[in-house]
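See below for the structure under consideration.
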Amino acid sequence: MLPAILSLGGLGLLFAFGLGLAARKFAVKVDPRIEKIAEILPGVNCGACGFPNCQAVAAALIEGKIESDSCVLVEEEALRNIAEILGQEVKVKEKKVARLICQGGKDQAKEKYVYQGVRECRVANLLFGGEKACAYGCLGLGTCVQECPFGAIALDENNLPLINEDKCTGCRKCVEVCPKEVLTLIPKPKKVWIACNSRAKGAQVKKVCQEGCIGCGLCLKACKPKAITLENNLARIDYQKCTNCGDCVEKCPTKAITCCL
Amino acid sequence: MGEIFILFFSAILVNNFVLSRFLGICPYLGVSRRVEMAVGMSMAVVFVMTLASLVTWLVYNFILLPFNLLYLYIVAFILVIATLVQLVEMVIQKVSPTIYQALGIYLPLITTNCAVLGVAFLNIQEGYGLLKTTIHGLGAGVGFGLAIVLFAGIRERLELADIGDAMKGTAIGLVVAGLLSLAFMGFRGLF
């Protein structure tokens, strides 16, 4: 009885001392502000900022390595709280959301072959740029849907990604993963965008897609603030000048300009 | 010398703790999503297993045997392992906070990892000496590491593969683990 208590108790005490010493030697000083800021941050570890997780962002914020608006997900209110903890001034940034600049779904765009491989855009893109006849269009296999950490993207019945702008945080994950670069970030308040990515000449676009930009230039004339320019057979909107009037949407003969007013 | 060499490699290949003895399956399935995490976990397990083998042998032979307290060996061994795991946790938190976060709950769970307790029991059962015990613990840890890193590599590829809905995730993981185990059966009779 006694030897049992003494030996086990002694072992426990010995180990406790050992651990106590080790704890002192390997003590990690954690700034209490890191926890506070990490709580405000969304905590989904999306990686859009280039850090592996939100804890690392909080640490970098405190060390002053990055600006307080580096996280694309924090709302204005949260930004203010973070700035308060850090003792900095608040910077409010423009909110951006991902939008699809292609309308070549299975009804509009022609296909050049039947693809039966892995349902993954990046894989399909390796086979002659995918099954779509248009070399610039969305492949519609839903790699962005899988990639989105917020469940903001779903494939619609036309096999095109449909973005829920309330859920979209502008984290850029889908933009980076898309092999065709048909997803792009556009300021959220701007409701008009060119929904085509084709730099091909007008005749070529017409051959492969019903709703592509043919570079006709009618929108240039319709646009009163002169926000639209034509580059490489593709209209481009300067969002500094765009007023959301929607004149260009009505004028476009191929309905390649979209608005969701 | 040859005997120790054989002991070391048979603990890795022939009597692999995960794939032949089926010990330590919980972290094997839990921490094998990413190779990086698997490597971190196996480092921790190698460290804990080697030291646990050594210390439990000392405790058994110099404390439990002389005082005739053999019935306490499970309690004593758990005490040793829990202490070592605490130590590893502190070191990892200091050295790499990212791995510390990634391992999460599985790190303290090494305490109840049956592979660690299993290696301590086997050492006593087989009547190994101090050197053999340590080598056996090291081999067992390396074997666990080999199994989990191999498995994590396969699982990373599985994520991109086209798998039927019913088989996704853990289901296909268990099938793969079974196949790996079958493959390791091929090492039987190596020594």
Calc'd 3J(HN,Hα), region A:125-132, phi into Karplus 6.51 cos²θ - 1.76 cosθ + 1.60 (θ = phi - 60°), Hz, glycine/Pro = x, comes to 5, 6, 8, 6, x, x, 7, 5
Enter the mean projected area of the convex hull around the alpha-carbon atoms of the protein assembly as shown, in nm², rounded to one decimal.
-> 29.1
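Using only atoms on other chains, find how many Cβ atoms lie within 10 Å of each Cβ of peptide B:77-85 and report the average. Don't jump to the answer; show the numbers that get you there.
Values: counts 0, 0, 5, 2, 0, 2, 8, 3, 0.
The per-residue average across the peptide is 2.
For the protein assembly as shown, what is the calculated [θ] at 222 nm in deg cm²/dmol (nearest 500), taking -39500 (n - 2.57) for each run of four or more DSSP H residues and dividing by its residue count? Don't jump to the answer; show the numbers that get you there.
Values: 18 runs with 214 residues, N = 452.
Mean residue ellipticity, 222 nm, calculated: -14500 deg cm²/dmol.
Enter the mean number of other protein chain beta carbons within 10 Å of the beta carbon of each residue in B:60-68, as an integer. Write down the numbers at each step before the final one.
Working: counts 0, 0, 0, 5, 4, 0, 2, 5, 2.
Average neighbour count from other chains, rounded to a whole number: 2.
Can you compute the equivalent ellipsoid semi-axes for chain A, i.e. the square root of 5 times each eigenvalue of the Cα gyration tensor, sorted largest first and rounded to whole Å?
Working: eigenvalues 538, 129, 32 Å².
Three semi-axes, in Å: 52, 25, 13.
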Estimated distance in nm for a label pair at residue B:33 and residue A:243, the labels positioned 7 Å out from Cα along Cα-to-Cβ | 5.0
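How charged is the neighbourhood of residue A:159? Take every other residue with its Cβ under 13 Å from the Cβ of residue A:159, and add Lys/Arg as +1 and Asp/Glu as -1. Intermediate results must be reported in sequence, preceding the final value.
Numbers: positive: A:106, A:119, A:132; negative: A:107, A:111, A:131, A:156, A:157.
Counting the neighbours of residue A:159, the net charge comes to -2.
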For the protein assembly as shown, what is the accessible area per residue in Å², given a 1.4 Å probe and the full set of protein chains?
-> 52
Radius of gyration, Dmax [chain B; alpha carbons; angstrom] | 17.3, 60
Grab the beta carbon distance between residue A:81 and residue A:191, set R0 = 35 Å, and tell me the FRET efficiency rounded to 0.05.
-> 0.70
Taking Cα atoms of region A:185-261, Rg/Rh with Kirkwood Rh, to two decimals?
-> 0.94
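Mean Kyte-Doolittle hydropathy of -1.0 or higher plus an axial Cα length of 20 Å or more: which whole DSSP H helices in chain A meet both? All intermediate terms of the calculation are to be shown ahead of the outcome.
Details: long enough: A:2-25 (34 Å, 1.45).
In chain A, the long hydrophobic H runs are A:2-25.
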Computed Kirkwood radius, in angstrom, where 1/r is averaged over Cα pairs of region B:108-155 = 11.7
What order, most packed first, do the peptides B:23-33, B:55-65, B:125-135 have when packing is the mean number of other Cβ atoms within 10 Å of each residue?
-> B:23-33, B:55-65, B:125-135
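For a Förster distance of 60 Å, can you work out the FRET efficiency between the beta-carbons of residue B:4 and residue A:221, rounded to the nearest 0.05? Present the calculation step by step, with values, prior to reporting the outcome.
Details: r = 87 Å, r/R0 = 1.44.
Efficiency, from the Cβ-Cβ distance: 0.10.
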If you find the alpha carbon centre of region A:153-196 and of region B:41-65, how far apart are they in angstrom?
-> 55
Where does helix B:73-95 land angle-wise versus the long Cα axis of chain B, in degrees 0 to 90, nearest 10?
-> 50
For region A:146-159, take each phi angle, set θ = phi - 60°, evaluate the Karplus expression 6.51 cos²θ - 1.76 cosθ + 1.60, and give the result in whole Hz per residue in order, putting x for glycine and proline.
-> 5, 6, 4, x, 10, x, 8, 10, 9, 7, 8, 5, 8, 6
Taking region A:25-66, the equivalent ellipsoid from its C-alpha gyration tensor has semi-axes in Å, biggest first, of 19, 11, 11
May I ask for the angle, rounded to the nearest 10°, between helix B:130-158 and the longest principal axis of chain B, with both axes built from Cα atoms and the value confined to 0 to 90°?
-> 10
Compute the acute angle (0 to 90°) between the alpha-carbon long axis of helix B:35-59 and the principal axis of greatest extent of the alpha-carbon atoms of chain B; round to the nearest 10°.
-> 10
Give me D for region B:57-113 in µm² s⁻¹, whole number, from Stokes-Einstein with Rh from the Kirkwood sum over alpha-carbon pairs, 10 °C and 1.306 mPa s.
-> 125
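Inside 10 Å of the C-beta atoms of A:2-13, what's the mean count of C-beta atoms belonging to other chains?
Working: counts 1, 6, 7, 0, 1, 8, 8, 0, 1, 10, 3, 0.
Mean shielding by partner chains, rounded to a whole number: 4.
The values are calculated or read from the model by the stated rules, or taken from the named source; none is laboratory data. Worth saying up front: this structure is predicted, and the values here are computed from it rather than measured. Reconstructed Cβ throughout: ideal geometry from the backbone, glycine too, with neighbour counts over all protein chains shown. These area figures cover heavy atoms from the full protein model, side chains too; ligands, DNA and RNA do not enter into them. Shrake-Rupley method; radii C 1.70, N 1.55, O 1.52, S 1.80 Å.
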